[in-house]
Amino acid sequence: MGIDVTPATVLRRNPDVVLREEDTDGALLFNPDTNQIRVLNATGLFVWKFMDGTRDLGAVVASFRESFEEVPQEVEAHALAFAGEMAAAGFLHPTDSPQA
Amino acid sequence: MGLQKFPQECNIAITGRCNLRCHYCFYANEMTALADLPTAVWLSFFEELGRLGMMRVCVAGGEPFVRPDLFELIDGLIANRMRYSVLSNGTLIDENMLAKFEVGKRRLRLDYIQISIDGSCAEIHDKSRPGSFEKAIRGLRLLMEHRFPMAVRITINRHNLHDLENTAKLLLEDIGVPSVGTNDAMPIGSGCPNEPEVALTPREYLVAMKTMERLRTRYPGRLTATAGPQARLKMQAEMEEAKRTGVKTTRWGMGYLTACGCIFNKLDFLHDGTIVPCNMLPDLKLGNITTDSLEEIWRDHPTLRALRERRFIAMRDVPGCGDCEWNEYCNGSCPGLAHQMLGDFNLPNPRDCYRRFLEDTKETECPA
Ligand code: SF4
Ligand code: SF4
C-alpha cells in the first residue's frame with residue numbers, strides 16, 4: 001500500500017538504501033534498515049535517480065517524457081504509484097519543499 | 001545464469017583467534033598462523049564493499065567476540081549500508097556484550113547471531129567443543145531472553161550422533177529456539193587430522209539421516225540444513241524420484257557438476273585479507289583485499305571462472321562416474337571436499353557419492 005502522492009510531492013532517496021545496477025537483470029534497491037528489496041525496471045530506475053529532493057514528481061515525469069520517445073499517457077500514474085509505494089516502504093523520504 | 005556485477009553477500013573472518021579449540025574447526029593449524037588485519041584496514045575495506053553494493057556480511061572467525069574492536073567493525077558495516085550476522089561459539093556472550101548491540105543501528109541491522117551447540121549436555125558437547133557447553137548455553141539463553149534474532153547450529157559428528165534427539169529436545173522444546181540448522185563435521189582444517197574421531201562413517205551417516213528424518217516429523221519446519229545428513233537425505237530422495245520417474249528436478253542441475261551455487265553469489269575473506277571463493281576452499285587464494293581489485297577478481301579470476309565452468313562438465317564424463325547408474329541425476333556435490341581430499345575441484349565430492357554410499361551401507365540393519 002502506498003502513501004498519497006501528487007505531482008507536487010517532493011521525495012528524496014533514503015541515503016541508506018543501496019542501489020545495485022546489474023548488467024543483465026536491471027536494478028535492485030536494498031533497504032538495510034528494513035531488509036526489503038525492490039527490483040526496478042528502466043522507468044523505476046529513472047524515477048529513482050531523479051528523487052534527490054530538488055524537484056517534485058511532476059517535474060520528474062516531465063523529464064522522463066523529454067528523455068524517451070513515445071511515452072504512454074499512463075506513465076504519470078505509474079510513476080506516482082511507484083513513488084507512493086517506495087515512500088511507504090521507506091525507500092524514499094518526503095521533503096516539505098524542494099531542497100536546493 | 002547472469003553473473004551479478006558484484007556479490008550481494010560475503011563471509012568475513014575478522015579474526016583467526018578463538019577461545020576454543022573445536023576438534024573439527026576449519027580455522028585451525030596453518031590458518032591461525034596468519035595475522036589478523038587491523039581495524040583501519042577492515043574499515044576501509046568495508047567502504048569499498050559499500051561502494052560495490054554489498055548487502056549482507058556474515059561476520060565470522062575464529063570467534064568474532066574475541067576482537068575488542070568488534071563493535072567498531074560492525075559500525076563500519078552499518079555506515080556502509082550493510083546488514084550483518086555473527087557466527088559465534090556463544091561463550092563470550094553476556095549481558096554487557098548484548099547491551100552493546102543496543103547502540104545505534106547495531107540491533108536493527110543484525111540478521112542473526114548463530115551459536116553452535118553440539119549436544120544436550122556438557123559430556124557430549126564438550127567432546128568436540130571442549131570446555132564450552134555451559135557458557136554456550138548461557139549465551140544462547142541470553143539471546144532468547146533479550147529476543148535477539150538468532151540461529152543455532154548442530155554439527156553432527158561421531159560424538160553426538162546418538163544424542164541428536166536429546167539435543168533437539170533441549171534446543172527446540174526446553175530452551176524454545178525457533179529453529180535449528182544442522183550440518184556435519186567435515187575433513188577440512190583440523191577436521192583432517194581429527195577425521196577418524198569426528199567425521200561420520202557411511203553407516204553412521206545412515207543413522208544420522210534416519211534420526212533427522214524422525215526429528216523433522218516431530219518438529220515440522222524447525223530443522224533446516226543446506227549440507228549434512230538432513231540435506232543429503234533430501235537430495236538422495238530427489239535422485240531416486242528422478243530416476244524412477246525420468247523427470248529431473250529443476251531445483252538443482254542434475255547430471256552435471258553443478259554444485260554449488262556459492263561461486264555465483266558470494267566471496268569469502270580470511271582474517272589476513274585473503275580472498276577465497278568460499279571458506280570450504282580456503283587454500284584457493286584469489287588475492288588480498290589490501291592489494292587486489294575485488295571487481296576484477298569477481299569477474300575475471302581464472303580460478304573463479306574455472307569453478308563457474310564446472311557446471312558444464314557432465315557427470316558421465318567425470319572420471320569414475322561414466323558407468324554409474326546415477327550419473328544422470330547426481331551433481332557431484334561440494335567442490336570444497338573434492339579439492340581438499342582429491343586435489344581437484346572438477347571431481348565429485350567423494351563423501352557425497354551416492355553409489356559408494358549405497359555400497360557402503362548395503363545390508364546395514366539401521367539401528368536408528
Ligand atoms: S569451530 Fe569456531 S568456536 Fe570452535 S575453534 Fe573453530 S572458530 Fe573457535
Ligand atoms: S553417485 Fe558417485 S559415481 Fe555416481 S555420478 Fe555421482 S559421484 Fe559419480
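The values are calculated or read from the model by the stated rules, or taken from the named source; none is laboratory data. Worth saying up front: this structure is predicted, and the values here are computed from it rather than measured. Reconstructed Cβ throughout: ideal geometry from the backbone, glycine too, with neighbour counts over all protein chains shown. Surface areas here come from the heavy atoms of the whole protein model, side chains and all, with no ligands, DNA or RNA. Shrake-Rupley method; radii C 1.70, N 1.55, O 1.52, S 1.80 Å.
If the condition is being in a loop (DSSP other than H, G, I, E, B) and open to solvent by 20 Å² or more (accessible area, probe 1.4 Å), then the stretch B:146-173 contributes B:146, B:147, B:149, B:158, B:159.
In this structure, residue B:64 does not satisfy being away from ligand 2 (no atom under 16 Å from the Cβ) and without any contact (Cβ under 8 Å) to a residue 24 or more places away in the chain.
Restricting to the stretch B:295-328, name every residue that is out of contact with any helix residue (DSSP H, G or I) (no Cβ under 6 Å at 6 or more places or on another chain) and in a loop (DSSP other than H, G, I, E, B). B:301, B:313, B:318, B:319, B:320, B:323, B:325, B:328 - these are the residues of the stretch B:295-328 that are out of contact with any helix residue (DSSP H, G or I) (no Cβ under 6 Å at 6 or more places or on another chain) and in a loop (DSSP other than H, G, I, E, B).
Taken as a whole, the structure places residue B:76 among residues that are closer than 22 Å to residue B:7 by Cβ, away from ligand 2 (no atom under 16 Å from the Cβ) and touching a Leu at 6+ places or on another chain (Cβ under 6 Å). Here is a check on your reading of the model: is residue B:292 part of a loop (DSSP other than H, G, I, E, B), more than 12 Å from ligand 2 (Cβ to nearest atom) and over 21 Å from the mean Cα position of the chain (by Cα)? It is true that residue B:292 is part of a loop (DSSP other than H, G, I, E, B), more than 12 Å from ligand 2 (Cβ to nearest atom) and over 21 Å from the mean Cα position of the chain (by Cα).
Restricting to the stretch B:297-330, give me the number of residues that are open to solvent by less than 40 Å² (accessible area, probe 1.4 Å), among the hydrophobic types (A, V, I, L, M, F, W, C) and in contact with a strand residue (DSSP E or B) (Cβ under 8 Å, 6 or more places away or on another chain). Quick ask: steps written out before the conclusion?
Here is the first cut: in the stretch B:297-330, the ones open to solvent by less than 40 Å² (accessible area, probe 1.4 Å) are B:297-298, B:301, B:303-304, B:306-308, B:310, B:314-315, B:318, B:321, B:324, B:326-327, B:329-330.
Next, only the ones that are among the hydrophobic types (A, V, I, L, M, F, W, C) stay: B:297-298, B:304, B:306-307, B:314-315, B:318, B:321, B:324, B:326, B:330.
Still in the running and in contact with a strand residue (DSSP E or B) (Cβ under 8 Å, 6 or more places away or on another chain): B:297-298, B:314-315.
Residues in the stretch B:297-330 being open to solvent by less than 40 Å² (accessible area, probe 1.4 Å), among the hydrophobic types (A, V, I, L, M, F, W, C) and in contact with a strand residue (DSSP E or B) (Cβ under 8 Å, 6 or more places away or on another chain): 4 in total.
Comparison of A:19, A:29 shows that the only residue that is open to solvent by 50 Å² or more (accessible area, probe 1.4 Å), closer than 30 Å to residue B:264 by Cα, among the aliphatic types (A, V, I, L, M) and touching a Phe, Trp or Tyr at 6+ places or on another chain (Cβ under 8 Å) is A:19.
May I ask you to verify whether residue B:138 is at pLDDT 95 or above and either among the β-branched types (Val, Ile, Thr) or farther than 27 Å from residue B:270 by Cα (or both)? Full working, then the answer.
On the way: at pLDDT 95 or above: yes; either among the β-branched types (Val, Ile, Thr) or farther than 27 Å from residue B:270 by Cα (or both): yes.
So residue B:138 passes the test.
For (1) away from ligand 2 (no atom under 16 Å from the Cβ); (2) of a type in the set (Val, Ile, Thr); (3) within 21 Å of residue B:186 (Cβ to Cβ); (4) away from chain A (no Cβ under 14 Å), each residue gets a yes or a no:
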residue: B:269; (1), (2), (3), (4): yes, no, yes, yes
residue: B:313; (1), (2), (3), (4): no, yes, no, yes
residue: B:316; (1), (2), (3), (4): no, no, no, yes
residue: B:324; (1), (2), (3), (4): no, no, no, yes
residue: B:351; (1), (2), (3), (4): no, no, yes, yes
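For the stretch B:338-355, residues that are closer than 18 Å to residue B:254 by Cβ, of a type outside the set (Gly, Ala, Ser) and part of a helix (DSSP H, G or I) total 3.
Which residues, taken from the stretch B:9-19, are under 18 Å from the mean Cα position of the chain (by Cα) and either buried (at least 19 other Cβ atoms within 10 Å of the Cβ) or over 30 Å from residue A:32 (Cα atoms) (or both)? Walk me through how you get there before you give the answer.
Start the filter on the stretch B:9-19 by keeping residues that are under 18 Å from the mean Cα position of the chain (by Cα), which leaves B:9-16, B:18.
Matches in the stretch B:9-19: B:10, B:11, B:12, B:13, B:14, B:15, B:16, B:18.
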